[in-house]
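Each reported figure results from applying straightforward, stated rules to the coordinates on display, with no laboratory input. Model, not experiment: these values are computed from the prediction. Note that we place each Cβ from the backbone using ideal geometry, even for glycine, and neighbour counts take in every protein chain shown.
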Amino acid sequence: MKIFSAPLQGYTNSAWRHFHAEIFGGVHCYFTPFIRFEKGEVRRRDLNDYISELNTNHTLVPQIIFRDLHEFQNLVTTLRAKGANSIDLNLGCPFPPQVHHGRGSGALINHTLLRDISKSICTDLPDISFSVKMRLGVDSSAQWQGALEILNALPLTHITIHPRTAAQQYKGELHLDQFKSITAVSRHPLLFNGDIRSLDDFHRIADTFPAIHGVMIGRGLLARPSLAHEIAAGHTLSDEELRHKLSLLHRHIFTHHLETKCGESQILSAAKPFWDYLEEFIGHKAFKAIKKATGIDKYTKSFQQRGLWVN
Ligand SMILES: Cc1cc2nc3c(=O)[nH]c(=O)nc-3n(C[C@H](O)[C@H](O)[C@H](O)COP(=O)(O)O)c2cc1C
């Protein structure tokens with residue numbers, strides 16, 4: 001069963017993906033956070049995050065979010081011109097401003113759009129492989145049914161399912177019963193995504209759904225970057241080993257920010273999210289000190305003093 005790294009806007013950017021693959025590994029494929037169309041063009045910042053990481057040793061697939069055929073075609077054409085031959089379609093984003101504009105999970109329930117896109121994929125884009133990442137629906141856990149009927153007719157490499165509705169955001173019950181129903185009717189390989197934070201969580205899903213193609217892990221990989229490697233290896237790293245590798249990962253990413261960003265506040269706002277999901281591992285005190293540090297000097301001291309730095 002393959003392990004995929006989930007896209008998380010603001011977290012799994014090019015530096016994180018690059019150094020995560022180098023230091024921890026275990027991931028079959030990384031996805032960029034969604035690339036969007038804004039003010040008549042593909043958002044430059046999103047595109048740069050993909051382009052800056054093209055020469056990698058790991059597999060990377062750009063993900064796009066769109067509300068109509070025009071946005072879809074522009075995004076695909078731009079990415080194709082940059083050399084992309086696989087593209088992931090975001091039909092799951094629950095962020096209200098995106099959903100209300102018909103993007104993400106808003107597009108999942110727009111069957112006219114799904115049919116238009118299907119036609120475009122089948123007739124104009126035979127050279128690109130597509131995959132889909134979706135939720136169960138916007139406000140009902142059965143809304144996937146109409147969409148899946150359309151998606152079943154498409155040549156997709158896989159579908160990733162996060163078995164929640166958009167209304168649930170990232171919390172609450174995972175609808176495993178609905179996921180099970182999807183496994184019965186999907187013609188495409190499936191990835192399960194949601195709340196996998198440990199080896200036990202992984203085994204519970206793998207045992208319950210042995211026929212799936214793999215799992216996609218998001219927050220669990222930010223909280224324990226070794227998790228994909230641990231699943232592949234079948235055992236966990238010691239706390240000491242994890243601390244060492246985590247410090248190394250942070251050092252590389254922080255150095256990258258120092259070299260590429262201008263000004264203290266830009267550097268700190270790019271660097272601090274690294275710790276957002278690590279409170280449990282590094283402890284509340286260390287977490288607080290790192291998060292409230294003002295200025296690069298204080299920030300650096302805050303993790304160096306706690307043994308979270310390696311040369
Ligand atoms: C802060 C944040 C940003 C996210 N950004 C994206 C995104 O750009 N594209 C996407 O498909 N999903 C995005 N997601 C959803 C995750 O990829 C994933 O589906 C979700 O977190 C559930 O998986 P997990 O429990 O393993 O984290 C985001 C989630 C969070 C919390």
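Across every direction, the projection of the convex hull enclosing the Cα atoms of the range 186-296 has a mean area of 8.8 nm².
Eigen-decomposition of the gyration tensor built on the alpha-carbon atoms of the range 2-233 gives equivalent ellipsoid semi-axes of 25, 22, 16 angstrom, largest listed first. Within the chain, helices built from complete DSSP H runs that reach 30 Å or longer along their own axis (Cα positions) and carry a mean Kyte-Doolittle hydropathy of -1.0 or higher are 239-260.
Fewest-first ordering of 277, 170 by other beta carbons within 10 Å of each residue's beta carbon gives 170, 277.
Ordered by the count of other Cβ atoms within 10 Å of each Cβ, fewest first, 282, 217 give 282, 217.
For the range 239-304, the dipole from Cβ point charges (+1 on Lys and Arg, -1 on Asp and Glu) about the Cα centre works out to 260 debye, to the nearest 20. Here the sum of -39500 (n - 2.57) over DSSP H runs of 4 or more residues, divided by the residues of the chain, equals -13500 deg cm²/dmol at 222 nm, to the nearest 500.
Counting only lysines at least 8 places from residue 133 when in the same chain, those with an alpha carbon closer than 23 Å to its own are 2, 82, 119, 171, 180.
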